[in-house]
Every structure is written in structure tokens, then in C-alpha cells.
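Structure, as C-alpha cells:
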Amino acid sequence: MNLLWTQLATAAGLSLSESQHALFDRYLDLLLEANKTMNLTRIEDRAAAEILHIADALTLLPYLPQYPHRLADVGSGGGVPGIPLAIARPDAQVFLLESTKKKAAFLERTATALNLSNVRVLPDRAESIAHSDLRESFDIVTARAVGAMNILVEWCLPLLKKGGKLLAMKGARITEELPAADNAIRLLNGGPPITHPVQLPGTENHAIVEVPKLGRTDPRYPRPPSQAKKKPL
């Protein structure tokens, strides 16, 4: 039983079982083994992965609804934070959005191997999914190491229903990124962002940026990726 994982869950009012701890361990086994042949993570040390993947994901737990909810993890990559959150919150429906086919296939295999019936992998871009019947259907959208905030909010806020929230996992650059994202957040009907500092062993400048969804987003957004990157809102 990993004490740090237990402490982070307890801070969110949750109690992790031995089987959940075992699933976290098994997930890291699968991630680090697959990483030998494909680019899923820069973290290759097991002890570091326990902190920077599992514990980092669990820092989101206090900001999730206490009731069953729908969560979209945009640019899921190797599955963080989506898979650890699906393990910790089996009552949540977790959608892993990953457009790179090899990574999406890894996520599919991993969800099956871990018997995570509450996980669904969507092998497509967030921009496309936001113009599907899944638009504005999520309570929570998460994203880690996906893009600058002014671009990220255009990808993520259209996925959120009114009253939902974006939880963006960011680093030291967030102090520069947030002012540049103000206009985009307003245009997309988001509310004032709240920054929650994160304290983990051996890390610094980690933060969770919470952006509430206040109302419907104009159907013109999100724009195609090339347009969004060349001319941020």
C-alpha cells in the first residue's frame, strides 16, 4: 500500500482498497513496459512514476463531483490522469481522448487488462469530438501537458456541460498563460479561473487550474487545429 496515494485519496474523502492499490501498480507495470517500444512517457524510473503519474493524478480528486459523473481526459497519451482517476473513482465514466492511434490502442489494451468497465477510449481529436453528439456532455474535462491555456480552453470548454469544469494540470508557465487565455475563456462561456497549487515530493510549480463552464459555447468553436494554433482566441 502506497502511503502517499492513501493520503491523497483521504484528503478527498476517499478510502482506497488493496485492490485499487494493486490496479495502480499493475497500470504502471503496463505503462513502463509499453514505453520501451513507444513514446508514452519521459518518466522511466518506477519510484518517480508512482509520484509523477499516480500521485499527480490523484491530486485532482478533491475537485471531482462526489456523485457519479462523466469525465473526458483530453490528449490522454499514456492514460494520465484518466486511468488513475477511473481506478480511484469507479463510479465515474471516464472517456480517454487520444488521436494517436498507437497510443489509443495501448489505452484500449490497458483498460481491458485492468478490467476497467468505466473507461471508454475515443481515438480522435478533441476538436472533432466537440462537434459530435458528445458536445457539452461532460461534467469534468482534464488535460495534462497538452497545450497553452489559450489553445487548451478552445479544445476543452466545448466538451463541458453548463456547471461543469475544466481541470488543467499545469507547470510554472501558468502565470504567463492565464492572462493570455482571458479572452478565450470569456468567448467560450467559461468563468474566472482558479489556480490550486499542488505539493508533491520532489516537485515544484505544479498547479491545477479550474475553469468553470457558465453556459453554452458558440457552435463555431472549437475551430480546426491549424486555425486555433495560428490565431488563438
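Each value in this text was obtained by applying a stated rule to the coordinates, not by laboratory testing. Quick caveat: nothing in here was measured; it's all calculated off a predicted structure. Cβ placement follows ideal geometry from the backbone for every residue including glycine, while neighbour counts extend to all protein chains displayed.
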Point to revise | J(HN,Hα) series, the range 171-177, from Karplus relation 6.51 cos²θ - 1.76 cosθ + 1.60, nearest Hz, glycine and proline x | key: x, 5, 6, 4, 5, 8, 6
Point to revise | For peptides 75-87, 160-172, sequence by mean Cβ density within 10 Å, most packed first | key: 75-87, 160-172
Study note, to complete from the structure: With Cα springs under 10 Å, the Gaussian network model of the chain assigns the largest mean-square fluctuation among ALA34, ALA143, ALA126 to ALA34
Review point. With point charges of +1 on the Cβ of Lys and Arg and -1 on the Cβ of Asp and Glu, referenced to the Cα centre of the chain, which listed residue (ASN2, VAL153, ALA113) lies farthest in the positive direction of the dipole?
Key: VAL153
Point to revise | For the chain: relative contact order, % (alpha-carbon pairs under 8 angstrom, 6 or more apart) | key: 16 percent
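What does the helix-only formula give at 222 nm for the chain: each DSSP H stretch with n ≥ 4 adding -39500 (n - 2.57), the total divided by the residues, and the result rounded to the nearest 500 deg cm²/dmol? The partial results should precede the final answer.
Working: 9 runs with 82 residues, N = 233.
About -10000 deg cm²/dmol.
Mind checking the full-extension length gain between GLU204 and THR37? Use 0.36 nm per residue of separation minus the Cα-Cα distance, one decimal, nm. Intermediate results must be reported in sequence, preceding the final value.
Working: separation 167, 0.36 × 167 = 60.12 nm, distance 2.96 nm.
Net length gain for the segment: 57.2 nm.
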Review point. Got a sec? How would VAL146, VAL153 order by Cβ neighbour count within 10 Å, fewest to most?
Key: VAL146, VAL153
Review point. In a GNM of the chain with a 10 Å cut-off on Cα contacts, which of ALA55, ALA105, ALA184 has the highest mean-square fluctuation?
Key: ALA105
Review point. Helix 101-113: angle to the longest alpha-carbon principal axis of the chain, degrees 0 to 90, nearest 10?
Key: 50 degrees
Review point. Expressed as an acute angle from 0 to 90° and rounded to the nearest 10, what is the orientation of the C-alpha long axis of helix 18-34 relative to the principal long axis of the chain?
Key: 70 degrees
